[in-house]
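Right, one structure below, let's go through it.
Throughout, read-outs are computed from the coordinates displayed, never taken from laboratory work. All of these numbers come straight from a predicted model, not from anything done at the bench. Here the Cβ positions follow ideal geometry from the backbone for every residue, glycine too, while neighbour counts run over all protein chains shown.
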2 protein chains.
Amino acid sequence: MINQLVKNIKKLDAPIVVGLDPMLDYVPEHILKAAFDEYGETLEGAAEAVWQFNKGIIDRTYDLIPAVKPQIAMYEQFGIPGLMAFNKTCEYAKSKGLVIIGDIKRGDIGSTSKAYAIGHVGKVQVGNKTYSGFCEDFVTVNPYLGSDGVRPFMEVCKEEKKGMFILVKTSNPSSGEFQDQEVHGKPVYELVAEKVAAWGDELMGDSYSYIGAVVGATYPKMGEILRKVMPKTYILVPGYGAQGGQAKDLAPFFNEDGLGAIVNSSRGIICAYKQEQYSRFGAENYADASRQAVLDMKEDLRQAWEQ
Amino acid sequence: MINQLVKNIKKLDAPIVVGLDPMLDYVPEHILKAAFDEYGETLEGAAEAVWQFNKGIIDRTYDLIPAVKPQIAMYEQFGIPGLMAFNKTCEYAKSKGLVIIGDIKRGDIGSTSKAYAIGHVGKVQVGNKTYSGFCEDFVTVNPYLGSDGVRPFMEVCKEEKKGMFILVKTSNPSSGEFQDQEVHGKPVYELVAEKVAAWGDELMGDSYSYIGAVVGATYPKMGEILRKVMPKTYILVPGYGAQGGQAKDLAPFFNEDGLGAIVNSSRGIICAYKQEQYSRFGAENYADASRQAVLDMKEDLRQAWEQ
């Protein structure tokens, strides 16, 4: 799957992933009304609204982007119907040729981590049959529990040729509370990065590893160091746009081959129609605003490279 | 909810939580057959088997124990039907007066962490109505992202009078890879514990905080230190039994009031009928074996206190 992701990125010349993290108040009135008319103000109604909202955005952006990253929490908050909308979104995006990065940030130990891996990127055995409970191509994984939490994902990813992005240095302001603590002169996130690189060596694709890392756009200097610590690791970079990361900060996350990083934007794209810059589209044409925001992000990144 | 948990523990004189972490091969043949006869070898069939298995154990143990801890990964592996079985299990256990600790180990930032909190221990707004997607009383939370990940859970828990257990020092062999790294002479897990104690001060119940901690039974010496770092924190202790923790190792996790810790056993109880010690019950009476295993665990803990 890492080979597929790199291929998509090269073909479209777009190291961009769209975060499908819909809050209900991102959804335009006409979609919300149709969903509530059909299902009432229920979890099913909310799930339908979210799904229709996503579908509109996928339909208007799939030819420009290599991947989407649905954030499962935004679906899980609506319980079972929400998770059904998550599944529907993943399946639909996949049918459009997109790579699916499930932002699930799971992490546990032994058989429990294995169960998460099987559920999201693998197949579960039921009697003589096997099924995929969810269907992502990549997932995000929390490293706090160490190798015991990561290895079960590695086993399943190896079998299925799927991948993961391990949290190294997250984009949020308080990420430093534990991640930046210095251990013999090295911050914890660097120790995690060294492990990610070592685990990644065991699971190589053609030019990059099936094991990637998450490093926030909001920390470009750390990105520069981490790029060197993990040369074969694809870096998923959140924090661009709404969280304050700028295009000029992104160069350190990339390798000289122009690859090695994929930049996420969520609100900036899915909620573009609410920004003054795109207000001309109107809520009815929210997906056209998202398309324009993707084009603008691509241009923004391109200009930053050229500087 | 922490007050309710403490009350239940005192009433039953049992600082015990049963981990409902069903693997399909834990489920006795007669339950599996009935479920597959009804739903086929499908995700629905697996979910039905897991739910019936859990129901049997709850029915035969609810009068002995204060709480259950379903591990969501074991349900998530069966996709949507599995998560429906998770919900059914939580609702049923609750109807029997048990406190529900959802072992979900979620953790993200800002609005995303809020969405998890709302989904599992809160209520989500849909139009003019509110719903609970899931219905746990406590959840486990991963601290790697710092305060940004924890505060949204605190907000929701405060509103709902629910609680959380934050991972401090996990029971698995590789937990030391990052958690034990020394920062100015103090391990990372101790820094996390200090934060847990500080967060906990902001959200106090009658005698203990709504914010608990997870510390593995497999690390009793660390338990002794962490007990002092977090005097008002309830400690959820996994790792007893199947993972190697013994009753004599548990004393340091408790305060002098005999409270302050709740010990989890999963396999040792739900899969008791497969152990030689309980084989006399037979697979048909697996839940009676579980009941006996709870009684034996209670006695095992009692003897350890008396030494």
Selected residue (criterion: nearest to B:PRO238 (Cα to Cα)) from residues of segment B:145-185 that are among the β-branched types (Val, Ile, Thr) and in a helix (DSSP H, G or I): B:VAL150
Per-region count, segment B:157-178, residues buried (at least 20 other Cβ atoms within 10 Å of the Cβ) and at the interface with chain A (Cβ under 7 Å from one of its Cβ atoms): 6
Any hit, segment B:2-19, residues being among the β-branched types (Val, Ile, Thr) and either assigned to a loop (DSSP other than H, G, I, E, B) or more than 22 Å from B:ALA93 (Cα to Cα) (or both): no
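Filter segment B:199-231 for residues that are surrounded by fewer than 17 Cβ atoms within 10 Å (Cβ to Cβ) and either of a type in the set (Ser, Thr, Tyr) or farther than 16 Å from B:LYS169 by Cβ (or both) and give the result. If you could, list the steps in order and put the result at the bottom.
Our first condition is that a residue be surrounded by fewer than 17 Cβ atoms within 10 Å (Cβ to Cβ); within segment B:199-231, this holds for B:201-202, B:204, B:206-207, B:221, B:224, B:228, B:231.
Matches in segment B:199-231: B:ASP201, B:GLU202, B:MET204, B:ASP206, B:SER207, B:PRO231.
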Segments classed as helices (runs of 4 or more DSSP H), wholly inside segment A:38-135, with at least 3 members that are farther than 19 Å from A:VAL18 by Cα: A:43-61, A:79-95, A:110-121
In segment B:129-155, residue nearest to the other protein chains (Cβ to nearest Cβ) [restricted to those that are more than 19 Å from B:LEU191 (Cα to Cα) and buried (at least 22 other Cβ atoms within 10 Å of the Cβ)]: B:GLY133
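Yes/no matrix, rows are residues, columns are (1) β-branched (Val, Ile, Thr); (2) more than 12 Å from chain A (Cβ to nearest Cβ):
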residue: B:ALA35; (1), (2): no, no
residue: B:LEU64; (1), (2): no, yes
residue: B:VAL68; (1), (2): yes, yes
residue: B:LYS94; (1), (2): no, yes
residue: B:ILE100; (1), (2): yes, yes
Residue in segment A:105-113 that is in contact with a helix residue (DSSP H, G or I) (Cβ under 7 Å, 6 or more places away or on another chain), polar (S, T, N, Q), surrounded by 23 or more Cβ atoms within 10 Å (Cβ to Cβ) and within 8 Å of chain B (Cβ to nearest Cβ) present: yes
Residues located in segment B:257-277, provided they are free of Cβ contacts under 8 Å to residues at least 24 places away in the same chain and crowded, with 20+ Cβ neighbours inside 10 Å: B:ALA272
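Give the residues of segment A:114-128 that are more than 7 Å from every other protein chain (Cβ to nearest Cβ) and in contact (Cβ under 8 Å) with a residue 24 or more places away in the chain, sorted by residue number. Explain how you work it out, then say what you get.
Keep residues of segment A:114-128 that are more than 7 Å from every other protein chain (Cβ to nearest Cβ), which gives A:114, A:117, A:120-123, A:125.
Correct list: A:LYS114, A:ALA117, A:VAL121, A:GLY122, A:LYS123.
Quick one: would you say B:VAL183 is within 11 Å of chain A (Cβ to nearest Cβ), surrounded by fewer than 24 Cβ atoms within 10 Å (Cβ to Cβ), under 24 Å from B:VAL99 (Cα atoms) and touching a helix residue (DSSP H, G or I) at 6+ places or on another chain (Cβ under 8 Å)? Step through it out loud before you land on a result.
On the way: within 11 Å of chain A (Cβ to nearest Cβ): yes; surrounded by fewer than 24 Cβ atoms within 10 Å (Cβ to Cβ): yes; under 24 Å from B:VAL99 (Cα atoms): no; touching a helix residue (DSSP H, G or I) at 6+ places or on another chain (Cβ under 8 Å): yes.
The answer is no for B:VAL183.
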Checklist (1) of a type in the set (Ser, Thr, Tyr); (2) within 13 Å of chain B (Cβ to nearest Cβ); (3) surrounded by fewer than 22 Cβ atoms within 10 Å (Cβ to Cβ); (4) closer than 23 Å to A:TYR286 by Cα applied to A:TYR75, failing item: (3)
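With respect to B:ASP59, is the statement that it is away from every other protein chain (no Cβ under 14 Å) and more than 18 Å from the chain's Cα centre (by Cα) true?
Working: away from every other protein chain (no Cβ under 14 Å): yes; more than 18 Å from the chain's Cα centre (by Cα): yes.
The answer is yes for B:ASP59.
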Odd one out for A:ALA198, checked against (1) in a loop (DSSP other than H, G, I, E, B); (2) out of contact with any Pro (no Cβ under 9 Å at 6 or more places or on another chain); (3) more than 23 Å from A:LYS10 (Cβ to Cβ): (1)
Identity of the residue in segment A:132-157, in contact with a Ser or Thr (Cβ under 9 Å, 6 or more places away or on another chain) and among the aromatic types (Phe, Trp, Tyr), that ends up farthest from A:ASP201 (Cα to Cα): A:TYR144
